Amino acid sequence: MTDAQQCAGAIACAFDRFHAQFRAVTRRAAQRFAERDWHGMQRDAVERLDIREQVVRSAVAEIRELLGQRVQDKCIWQEIKSAYVPLVVDRLDRELAETFFNSVTRRIFTTVGVDPVIEFLDHPAS
């Protein structure tokens, strides 16, 4: 397995972790509402926001470890992006998975604007 494939897989796994944790917190919403647990609902809202931050931070750390000094090499990031596509292309939440990928690249490159070489762009409606 190439470094690009490893990194793409790590990002895809991180997105799955994020999604699973987010759903777990969200599943509590109906019970919280039924019990009128407004404080619990507020805590859950904060937790949902924190989950993304924590998982992105963890993914960035893993990618930094995998790539070392090559972490800001745009050539390898083009390969990572290409390797990521088949991992998410058939997902119903593909756009969220791509946005998650972009969150990782933006942390590593501190991108201002959009870099279509290493980031996913909006897809036209089909």
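The values are calculated or read from the model by the stated rules, or taken from the named source; none is laboratory data. This is a predicted model, so every value here is computed, not measured. Every residue, glycine as well, gets a Cβ built from its backbone with ideal geometry; the counts of neighbours run over all protein chains shown. The area values use the complete protein model at the heavy-atom level, side chains included, leaving out ligands, DNA and RNA. Shrake-Rupley method; radii C 1.70, N 1.55, O 1.52, S 1.80 Å.
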- Set the Förster distance to 30 Å, then compute FRET efficiency between D37 and L92 from the Cβ-Cβ distance, nearest 0.05. 0.50
- Query: Once you treat every alpha carbon in the range 25-73 as an equal point and sum by Debye, what is log10 I(q)/I(0) at q = 0.29, 0.30 Å⁻¹?
  - Reply: -0.97, -1.00
- Cut-off 13 Å (backbone N to label point 7 Å along Cα→Cβ of A24), residues of the range 54-87: 55
- Query: Which of these, A24, A45, A34, has the largest mean-square fluctuation under a Gaussian network model of the chain (Cα springs below 10 Å)?
  - Reply: A34
- Query: Could you work out the helix-only [θ] at 222 nm for the chain, with each DSSP H run of four or more residues adding -39,500 (n - 2.57) and the total divided by the number of residues, to the nearest 500 deg cm²/dmol?
  - Reply: -25000 deg cm²/dmol
- Message: Using a Gaussian network model on the chain with a 10 Å cutoff between Cα atoms, which of F100, F33, F109 fluctuates the most?
- Response: F33
- Can you list the GluC sites (Glu not before Pro) in the range 1-73 that are in a DSSP coil and have 15 or fewer other beta carbons within 10 angstrom? E35
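Kirkwood hydrodynamic radius of the chain from all distinct Cα pairs, in Å?
Averaging 1/r across every pair of different Cα atoms and inverting gives 15.7 Å.
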- Query: Per the 1.4 Å probe, what fraction of the accessible area of the chain, in percent, lies on carbon and sulfur atoms?
  - Reply: 55
